[in-house]
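The values are calculated or read from the model by the stated rules, or taken from the named source; none is laboratory data. This structure is a prediction, so every number in the text was calculated from the model and none was measured. Don't worry about glycine lacking a Cβ; one is built from the backbone with ideal geometry, like all the others, and counts go over all protein chains shown. Protein only, heavy atoms only, side chains kept; ligands, DNA and RNA dropped before computing areas. Shrake-Rupley method; radii C 1.70, N 1.55, O 1.52, S 1.80 Å.
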Amino acid sequence: MANKIPRVHAREQDAKTRIKNFDEVSYGYSADEAMLEASRCLNCKNPRCVNDCPVNIDIPEFISQIAKNNFAKAAETVAQYSSLPAVCGRVCPQETQCEGSCILGIKNEPVAIGKLERFIADWSRENNLNFLEKKENNGKRIAVIGSGPAGLTCAYDLAKIGYNVTIFEALHETGGVLAYGIPEFRLPKKTVVAHEIENLKKIGVQIETNVIIGRTFTIEQLLDEEKFDAVFIGTGAGLPKFMNINGENLNGVMSANEFLTRANLMKAFDENYDTPIYVGKKAVVVGGGNVAMDAARTALRLGAEVAIVYRRTEVELPARREEVIHAKEEGINFNMLTNPVEIIGDEKGWVKEIRCVRCTLGDPDSSGRRSPVVIPDSEFNIETDVVIMALGTSPNPLIASTTKGLQINKYKCIVVDDEGRTSRAGVFAGGDVATGAATVILAMGAGRKAANAIDKYLNQQ
Amino acid sequence: MYKIENKENIAENIFRMDIVAPYIAKSAFPGQFVIVRTHEQGERIPLTVCDFDKDKGTVTLVVQVLGASSKKICEKNQGEYIADITGPLGNPSEFINISDEQLKSKKFLFIAGGLGSAPVYPQVKWLSMHDVKPDVIIGAKTKNMMIFETEMKSFAENVFAATDDGSYGFKGLVTDMLDDLIVNQNKKYDEIVAIGPMIMMKFVSLATKKYKIKTTVSLNSIMVDGTGMCGACRVNVGGETKFTCVDGPEFDGHYVDFDEALRRQMMYRNQEHQANCKCM
């Protein structure tokens, strides 16, 4: 029986070695390993994994092609559904999506769908395969704002069916969160991310970096003066949240966005780059999501002793499980049921300690997670030089505040309907800017949906 | 890549550069800033916009050699290229939203310290174009570090020069000059805009609080992206945390916690010192 084969674990850099470098942790599968793992798939008649994939990749089909050593066919299958498989194979929370509903997971371990997706995407890149096809140019112009997962997907889908697409990116580099947020050791920039951007350029997408919509141009200017026929806003959720506790402006307190941007986008970990970064001897990261894990593991690699402080328990950690496991293997100290109440500085205004309280779990809150309840008189201090706040992000209000008639909700997210249409005709949005901080794959799904809606809208004009 | 159309050494270690950046030139207003990255390995550094020419498509920046990164920009020659320039960032000066009628009823005093003359210049120019002639104090350490005096004179009512060492104009700090204008020369001002080193803006704000004159300052906080993403530029204004990049860079000087702002500027001093040792 196929399901008697245990899940094939991808080889990884040893924890002791990898905490001294920024190279990717997982080596991924070899061809033999991939075929063995693929052979575990039961090829269900009613595949639940497909339903739980936000872009509904035909998972059993591409896996059965891998099992048959028919890699090109497998790659082609994946490419029909996803323009960023090498990214998603690495950063999707598979355990709550495709792998979470795998039948094998009931009694044993689910098929490693993420690792297989990564394998086939890497294989197709290394073998210079591409499935780029472009229909005849239809002469219509689309402005895509933001070059993160939502914008890249929307641009790709529209360019394929003949639109002239220009992406406007505020930073000097493309990729959005893939460039500034996710570290090199999870997502290699030069190979994986750069390749996806190159593919976009190959099908004619223009990319203008250093353009901030809302400042350099407004949406109105794009539509009225620059004569774009439609606009897609995929600007993500870039604004960091802080706790509003005492001591948050001390030297040594920073957002995970700042810390990770310095490390990832500005490459401050590399001594050949000029941007400074500070981790001190000890660092505390507040939060339990992927960004918290990324910040903690980056600080560790820069030489700090790192503790994570999270107010719920390990069960509620929103981070991908693989990242939590990796962080633990690497020696990150996890302080669960702990919440900061104050940051204490020395006489010069630098962080010295973080004051926390212990919590227990109470009744579930609106998110369905059990909410933390503070234990009275449980205050204690953790000595630290740096505090990194990884508490989530909200959308940048710049575009909403400079675009007439663009409706936003109380979380500052742009309001869209099921198809990605905003309150303004010709203006579409999707990804974190509409939903608040979520995942790469959900942003991609939203970018695709909006591309369809844009095509429909312009065909009706 | 963005071309350096023109480069001029305007004072000791201070350079004026016109960068070809038509999008920014078209959309910039006084009070805003840009972020520049000189080369692939460079930092993103915020610089105030000194002037912009919509027809030529150029943006004028003024840079003083202070550390490793500013040195690298200043080493670039006319005709060469910088890797990136992005903007305009931050909010335009508040007065550009005021009607000309209202503007004419106000007497403005600008206080420019050191490199602060660069961001003050487009504001004075803009007001002058709207038939408002402000007074300007230009302060510098010494005569050969005084910049923009001639340019400022063509748009201002009065330009008062002050040097710390008395080598040119009034001898003393800009705050001494301010006291002299108000106490001895009996000048009346409705609004003051002070731009220069953080410590100067602190003491100007303390002085104008005493005179009860509304004072706007432009902060030069540490930043990475300049679009609200990193929060490195957090500043306490009237007990609330603001981001210099998106909420500023101009704030009411009477509400800014300058001691915190001065301390936060020191965040990367050690690393900067090391970089300077490597580069100088």
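Here the condition is being farther than 27 Å from residue B:142 by Cβ and in contact with a strand residue (DSSP E or B) (Cβ under 8 Å, 6 or more places away or on another chain); of B:20, B:49, it holds for B:20 alone. Contact map, the range A:330-342: first residue under 15 Å from residue A:298 (Cα atoms), second residue open to solvent by 40 Å² or more (accessible area, probe 1.4 Å) and among the charged types (D, E, K, R), Cβ cut-off under 8 Å, separation 6 or more or different chains; pairs are A:333/A:305. In this structure, residue A:143 does not satisfy being more than 30 Å from residue A:225 (Cβ to Cβ), open to solvent by less than 10 Å² (accessible area, probe 1.4 Å) and at pLDDT 95 or above.
Kindly indicate the residue of the range B:4-22 that is within 14 Å of another protein chain (Cβ to nearest Cβ) and in a strand (DSSP E or B) and also least open to solvent (accessible area, probe 1.4 Å) among those meeting that condition.
Filtering the range B:4-22 down to residues within 14 Å of another protein chain (Cβ to nearest Cβ) leaves B:19-22.
The next check asks that each one be in a strand (DSSP E or B); those that pass are B:19-20.
Values: B:19: 2, B:20: 46 Å².
The qualifying residue least open to solvent (accessible area, probe 1.4 Å) is B:19.
Only residues that are within 13 Å of residue A:230 (Cβ to Cβ), in a loop (DSSP other than H, G, I, E, B) and among the hydrophobic types (A, V, I, L, M, F, W, C) were counted across the range A:418-443, and they come to 1.
Residue check: is residue A:376 assigned by TED's automatic domain parsing to the domain that holds residue A:320, of a type outside the set (Ser, Thr, Tyr) and assigned to a loop (DSSP other than H, G, I, E, B)? Steps first, answer last, please.
Details: assigned by TED's automatic domain parsing to the domain that holds residue A:320: yes; of a type outside the set (Ser, Thr, Tyr): yes; assigned to a loop (DSSP other than H, G, I, E, B): yes.
In short, yes.
Is it the case that residue B:246 is surrounded by 24 or more Cβ atoms within 10 Å (Cβ to Cβ) and either facing another protein chain (nearest Cβ under 10 Å) or in contact (Cβ under 8 Å) with a residue 12 or more places away in the chain (or both)? Here the answer is no, as residue B:246 does not meet what is asked. Looking at the range B:249-263, which of its residues are without any contact (Cβ under 8 Å) to a residue 40 or more places away in the chain and more than 11 Å from chain A (Cβ to nearest Cβ)? Result: B:251, B:252, B:255. Considered as a group, the residues in the range A:392-408 that are open to solvent by 60 Å² or more (accessible area, probe 1.4 Å) and not small (Gly, Ala, Ser) include one that is nearest to residue A:214 (Cα to Cα), and that residue is A:404.
Check A:301, A:297 and return the single one that is touching a residue at least 24 places away in the same chain (Cβ under 8 Å), under 25 Å from the mean Cα position of the chain (by Cα) and open to solvent by 10 Å² or more (accessible area, probe 1.4 Å). Among A:301, A:297, only A:301 is touching a residue at least 24 places away in the same chain (Cβ under 8 Å), under 25 Å from the mean Cα position of the chain (by Cα) and open to solvent by 10 Å² or more (accessible area, probe 1.4 Å). Picking from residues in the range B:249-266 that are closer than 19 Å to residue B:45 by Cα and open to solvent by less than 20 Å² (accessible area, probe 1.4 Å), the one that is nearest to the chain's Cα centre (by Cα) is B:249. Inside the range A:190-210, residues that are surrounded by fewer than 22 Cβ atoms within 10 Å (Cβ to Cβ) and within 12 Å of chain B (Cβ to nearest Cβ) make up a count of 2.
Condition check ((1) away from every other protein chain (no Cβ under 14 Å); (2) under 23 Å from residue B:245 (Cβ atoms); (3) modelled with pLDDT of 95 or more; (4) touching a Pro at 6+ places or on another chain (Cβ under 7 Å)) across all residues:
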residue	(1), (2), (3), (4)
B:34	no, yes, yes, yes
B:39	no, yes, no, no
B:57	no, no, yes, yes
B:69	no, yes, no, no
B:72	no, yes, no, no
B:82	no, yes, yes, no
B:85	no, yes, yes, no
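For the range B:23-42, the set of residues classified as within 25 Å of residue A:262 (Cβ to Cβ), assigned to a loop (DSSP other than H, G, I, E, B) and in contact with a strand residue (DSSP E or B) (Cβ under 7 Å, 6 or more places away or on another chain) consists of B:32, B:38, listed by residue number.
For the range B:57-75, which positions are open to solvent by less than 50 Å² (accessible area, probe 1.4 Å) and over 30 Å from residue A:402 (Cα atoms)? Hits for the range B:57-75 are B:63, B:64, B:65, B:67, B:68, B:69, B:70, B:71, B:73, B:74. When the range B:79-135 is filtered for residues that are assigned to a strand (DSSP E or B) and either open to solvent by 10 Å² or more (accessible area, probe 1.4 Å) or within 24 Å of residue B:5 (Cα to Cα) (or both), the ones remaining, listed by number, are B:81, B:82, B:84, B:85, B:86, B:87, B:88, B:89.
Within the range B:210-220, restricting attention to residues that are within 18 Å of the chain's Cα centre (by Cα) and open to solvent by less than 20 Å² (accessible area, probe 1.4 Å), the residue that is farthest from the other protein chains (Cβ to nearest Cβ) is B:215. Only residues that are touching a strand residue (DSSP E or B) at 6+ places or on another chain (Cβ under 8 Å) and not polar (S, T, N, Q) were counted across the range A:240-272, and they come to 14.
Checking the structure you have, find out if any residue of the range A:172-195 is outside any strand (DSSP E or B), outside the structural domain of residue A:297 (by TED's automatic domain parsing), at pLDDT 95 or above and touching a strand residue (DSSP E or B) at 6+ places or on another chain (Cβ under 8 Å). Checked against the condition, which is being outside any strand (DSSP E or B), outside the structural domain of residue A:297 (by TED's automatic domain parsing), at pLDDT 95 or above and touching a strand residue (DSSP E or B) at 6+ places or on another chain (Cβ under 8 Å), the range A:172-195 yields at least one hit.
Taking the condition assigned to a helix (DSSP H, G or I), under 25 Å from residue A:294 (Cα atoms) and outside the structural domain of residue A:182 (by TED's automatic domain parsing), does residue A:89 pass? Yes. Candidates in the range A:319-355 are the residues that are of a type in the set (Gly, Ala, Ser) and either open to solvent by less than 40 Å² (accessible area, probe 1.4 Å) or part of a helix (DSSP H, G or I) (or both); of these, the one that is nearest to residue A:16 (Cα to Cα) is A:327. One residue stands out in the range A:33-80 among those that are aliphatic (A, V, I, L, M) and either open to solvent by 50 Å² or more (accessible area, probe 1.4 Å) or not assigned by TED's automatic domain parsing to the domain that holds residue A:93 (or both): the one that is nearest to residue A:122 (Cα to Cα), namely A:36.
Does the range B:221-230 hold any residues that are within 9 Å of chain A (Cβ to nearest Cβ) and in contact with a Ser or Thr (Cβ under 6 Å, 6 or more places away or on another chain), and which are they?
Correct list: B:224, B:230.
Any residue at all in the range B:231-243 that's open to solvent by 20 Å² or more (accessible area, probe 1.4 Å), in contact with a Gly (Cβ under 8 Å, 6 or more places away or on another chain), facing chain A (nearest Cβ under 7 Å) and not small (Gly, Ala, Ser)? No, every residue in the range B:231-243 fails to be open to solvent by 20 Å² or more (accessible area, probe 1.4 Å), in contact with a Gly (Cβ under 8 Å, 6 or more places away or on another chain), facing chain A (nearest Cβ under 7 Å) and not small (Gly, Ala, Ser).
Residues considered: A:237, A:263. Of these, the only one that is more than 8 Å from every other protein chain (Cβ to nearest Cβ), at pLDDT below 95 and crowded, with 22+ Cβ neighbours inside 10 Å is A:237.
Across the range A:361-391, the number of residues qualifying as more than 26 Å from the chain's Cα centre (by Cα), of a type in the set (S, T, N, Q) and loosely packed, with under 13 Cβ neighbours inside 10 Å comes to 1.
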